[in-house]
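One structure below.
The values are calculated or read from the model by the stated rules, or taken from the named source; none is laboratory data. Keep in mind that what you see is a predicted model, and the values were worked out from it rather than measured. When we count neighbours, we look across all protein chains shown, and the Cβ atoms used for this are built from the backbone with ideal geometry, even at glycine.
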Amino acid sequence: MVQSAKPAQPIWCPGCGDFGVLATIKRAAAGLSIPTHDFVLVGGIGCSGSIHNFMDVNGIHAVHGRLLAQAVGVKLANPSLTVVAAGGDGDGYAIGMGHFIHAFKKNVSILYIVMNNETYGLTKGQASPTSEIGFEGNVEPPFMSILTALSIPAPNFIARTFSGDPKGMLAVLTEALKFNREGRGFAFVEDLSPCVTYNDTYKLWREKVLDVSTLAGYDPTDRKAMFRLCLETTESGRIPVGVMHRPKVAGRDGLEVKLVGDGPGPVRTDIGLETNLPAYHKLLAGLS
Amino acid sequence: MSPAAAQIAPLPDQSGPGSPRPPLELNDVSVMIGGQGGDGTLTVSDLLGRYFRKKGLYVYTSRNVLSRIRGGHADASVRASQDPIAAVKSQVDVLVAFDNEAVEMGKAELAPHGFIIYDSTTFHIAEPHSAGFPFATMVGGSLGQPIFKNTAAYGALSVLFGLDPAQTRGVIEERFKRRGGEALDKNLKALEIGRKAALAMPGVENRFSIASGDAHNMILTTGNQAVALGFVVGGGRFFAGYPITPATEILEYLQRYLPPLGGVVRQAEDELASINMVIGASYAGARVMTSTSGPGLALMSEGISHAGIAEIPVVIADCQRVGPSTGQPTRHEQSDLSHLANLGHGEYPRFILAPADPVDCFDLTVDALNLAERWRLPVILLLDQALSQNTATSPRFDLSKVRIDRGKRLTPEAVAKLAHYKVYEFASDGVSAYAPPGTPGIWAEVTGNEHDEWGHVSVNSTNRYRMMKKRMEKMVHARAELPPCRFYGPPTAKVGLIGFGSTSGPILEAQRLLEHRGTPTRYLQARTVFPVPVHEIDPFLKEVEVAYIIEHNYTGQFARLLREAMPWHHAKLRSILKYDGLTFRAPQIVAEVKGVS
């Protein structure tokens, strides 16, 4: 056995919600028997983004806000890899917002986990895009990621979990990874992951979370119904959790399927000159 | 007599009345076609270019367009010469004007023997040596659509140049055969209308004659197309880009070329995404490239810096235009060099390669891919608007020279034999072996944080010092492997010329003119512009008494790099600069070069 990078010790504060995500990703991956060398974890910048250091998988620590672009690049280059991007709410919804919206449109079969703690923890507690009005002087209404996700008409998997409910999270992450590995497209999971130091919301969120699947009219294949359900739940002061969107048809829908089909993808395509010489000669013969 | 015909004046110092005037033979001809966007100026340039190429001439075409889809003044130039050329001619021999603005803008560049053919449908001019034809009315009346006026103008030009009627038609057939049917038929009719009118106009027929050349079995291409093809044959299989003038064609060509070869091309949401997508794909093990221009490059500097510390190979083609900000998006400049040499936050190694012509673009793109993987760092291909978009007669690209060097890339078999795998292992040349994700038994742990050999985040100062040296010294270790300079002119010449990129075209032409003037020069074309190839430029500068660094920017960016690298040559260096958005014309360089006694 070759000795390779060993997982480092997490840098998180004791009790941080991110521990729940780390443990659950590991369990979900193990449950699906994903070989660790085929698993790539792309980390953002912030406390949560260091998660790739703590797992015995391939890891790439991206630039702040750009983890989705890098993760999409990894997956399109080698569709046989299982690719998870994981970062915080500042990383994804502030500096990375452009890539966030486009990830739904691109519909590449990667899983994006946003560990939302409604604050910038690593820089010591500033307001984030999801902070409530009044938090650290915040005067802007909080960003609603699930509603935004539901507003983009693409066949994505969309869900929200809570670090206080590891069992629920395991079911969602397992389904999301399966969704990806079947090449069906982009999976987005927002995890409510409290920052015990700057915004300890365990107790509050435990009281407020509401499993949408228990509500009348719950149908995750019906985007319109789910938008209404999530909006009404939020407006009533509760936080909707669970699977918010699950595309109707279980076909292969991911962008990488459309781009490379059953081909091996750019990384595993033979780029040798001799193999490709007839094609190159033909290409160059077209010049006049 | 039509008012237009009355404006034709006989050429001075030509044969007197009664005897036929012999045509003026041109072995280097320049035709400028100007009008409103949508007038079809590019078509006229294309048709003439095709004809000239059939005569074995070297052709160089350029466009002057506005950053808008239709309308506004636009012009196209075609130059054809018996000698290899890669520059706009200083004087226009024939100006074709579809509007008055074209005359106003073009007549300053008109040669003393120059001639103007214009569409007199909407305006008249009082220039000597001009002929007005109501092209739009003529073709509008008989073909029902004035849009064929450009082909009628081509017909008139064919008479002016005494072109072979059958070959003139042949060019139209070749150009429009794919559209066939009505389009071909109407263009052929428009050609005849233009020819007939010109033959009837005194002083037009055979006014000029065009020499033949020996440039056969060549191609007409652009730097952007050459970069796209070089990327394909160099094994590039992943490309992400965002549309930006004058780089967009690279994205467009690759959208055609790559998918059939198993490659992936994505148009990203912005340049932040395109650079990070290629970083992800390169980490995964693909050969990658993105292309952009100044404003996009500014956005990419964050990601390129990341690739620098994370040691991820990426190739970035920067097609420079007039900046800063939106500047003049369709105009020419070489003003990103300083930015690129210092690009990003913090310090990391990078190579900047500057091709001069399409063949160079093709070859250096392959080199860039090899160097990026061999040294695991960002490599920038530095183009400029003229190189990216002007078409030039070029030798065919040579596949026999292409080789793929993946550096210290580890196969799964090689990895299986290792005792350990450190993604950032120290090595004498600074390059660690790399195995991408998916390799059984190991994990690729890559980060933009400072890291130890395993890829773990590290704040250890000893490690930081060693890692910085490991990365930065790649620029020293790689020196002998970087594309070498090219030298032109006698080694004994005491006047040196230095340039890079498409400026080579006008410089080489200026060199010939200077030779005629009695000033022999030696020209150094830098193909690696950063790190400065001191080992090549220092000996060159020692041999000359003075060296002119010729570039398209205000501050002398390459000259500054040379002064910084070789302060001992400071007194010998002079700058010849142009920053009006247009490319050098050879005489402009000649005028600035002083001889030495």
| task | Looking for whichever is closer than 24 Å to residue A:55 by Cα, touching a residue at least 12 places away in the same chain (Cβ under 8 Å) and more than 7 Å from every other protein chain (Cβ to nearest Cβ) here; the options are B:392, B:433. Which one fits? | result | B:433
| Just a yes or no: is a residue in segment A:260-281 under 20 Å from the mean Cα position of the chain (by Cα) and either hydrophobic (A, V, I, L, M, F, W, C) or assigned to a helix (DSSP H, G or I) (or both)? | no
| said: Being surrounded by 24 or more Cβ atoms within 10 Å (Cβ to Cβ) and facing chain A (nearest Cβ under 10 Å) is true for just one of B:230, B:236, B:262. Which residue is that? | reply: B:236
| For segment A:1-28, which residues satisfy the criterion of being farther than 24 Å from residue A:65 by Cα, of a type in the set (A, V, I, L, M) and surrounded by fewer than 22 Cβ atoms within 10 Å (Cβ to Cβ)? | A:1, A:2
| query | If you check residue B:495 against the conditions, is it more than 30 Å from residue B:379 (Cα to Cα), in contact with a helix residue (DSSP H, G or I) (Cβ under 9 Å, 6 or more places away or on another chain), crowded, with 21+ Cβ neighbours inside 10 Å and at pLDDT 95 or above? | reply | yes
| task | Spot the failing condition for residue B:465; the list is (1) aromatic (Phe, Trp, Tyr); (2) within 14 Å of another protein chain (Cβ to nearest Cβ); (3) part of a helix (DSSP H, G or I), and only one is missed. | result | (2)
| message | All but one of (1) within 29 Å of residue B:471 (Cβ to Cβ); (2) of a type outside the set (Phe, Trp, Tyr); (3) assigned to a loop (DSSP other than H, G, I, E, B); (4) touching a Pro at 6+ places or on another chain (Cβ under 8 Å) hold for residue B:304; state the number of the condition that does not hold. | response | (3)
| query | Hey, any hits in segment A:63-70 for a residue that's without any contact (Cβ under 8 Å) to a residue 60 or more places away in the chain and over 21 Å from residue B:302 (Cβ atoms)? | reply | no
| said: Which residue is surrounded by the fewest Cβ atoms within 10 Å (Cβ to Cβ), if the candidates are limited to segment A:37-56 and must be at pLDDT below 95 and within 7 Å of chain B (Cβ to nearest Cβ)? | reply: A:56
| query | Is it the case that segment A:97-114 has a residue that's more than 12 Å from chain B (Cβ to nearest Cβ), farther than 15 Å from residue A:185 by Cα, modelled with pLDDT of 95 or more and surrounded by 24 or more Cβ atoms within 10 Å (Cβ to Cβ)? | reply | yes
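Yes or no, residue by residue, for (1) of a type in the set (A, V, I, L, M); (2) within 30 Å of residue A:288 (Cα to Cα):
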| site | (1), (2) |
| --- | --- |
| B:312 | yes, no |
| B:318 | no, yes |
| B:325 | no, no |
| B:329 | no, yes |
| B:344 | no, no |
| B:356 | yes, yes |
| B:364 | yes, yes |
| B:383 | yes, yes |
| B:394 | no, yes |
| said: Go through segment B:78-108 and report how many residues are under 26 Å from residue B:551 (Cα atoms) and either among the polar types (S, T, N, Q) or crowded, with 18+ Cβ neighbours inside 10 Å (or both). | reply: 14
| For segment B:500-534, which residues satisfy the criterion of being farther than 15 Å from residue B:83 by Cβ, touching a residue at least 60 places away in the same chain (Cβ under 8 Å) and either out of contact with any helix residue (DSSP H, G or I) (no Cβ under 8 Å at 6 or more places or on another chain) or not in a helix (DSSP H, G or I) (or both)? | B:500, B:503, B:518, B:519, B:521, B:525, B:526, B:527, B:528, B:529, B:530, B:531
| said: Residue pairs, Cβ under 9 Å, 6 or more apart or interchain, first in segment A:138-163 and on the phi > 0 side of the Ramachandran plot, second part of a helix (DSSP H, G or I) and modelled with pLDDT of 95 or more. List them. | reply: none
| request: Could you run through segment A:1-36 and say how many residues are among the hydroxyl-bearing types (Ser, Thr, Tyr), assigned to a loop (DSSP other than H, G, I, E, B) and modelled with pLDDT of 95 or more? | output: 1
| request: Return only the number of the condition from (1) in a loop (DSSP other than H, G, I, E, B); (2) among the hydrophobic types (A, V, I, L, M, F, W, C); (3) within 30 Å of residue A:80 (Cα to Cα) that residue A:216 does not satisfy. | output: (3)
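Results for (1) basic (Lys, Arg); (2) in contact with a His (Cβ under 7 Å, 6 or more places away or on another chain); (3) under 19 Å from residue A:8 (Cβ atoms), shown as yes or no for each residue.
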position: B:405; (1), (2), (3): no, no, no
position: B:413; (1), (2), (3): no, no, no
position: B:421; (1), (2), (3): no, no, yes
position: B:427; (1), (2), (3): no, no, no
position: B:430; (1), (2), (3): no, yes, no
position: B:462; (1), (2), (3): no, no, yes
position: B:474; (1), (2), (3): yes, no, no
position: B:477; (1), (2), (3): no, no, no
position: B:481; (1), (2), (3): no, no, no
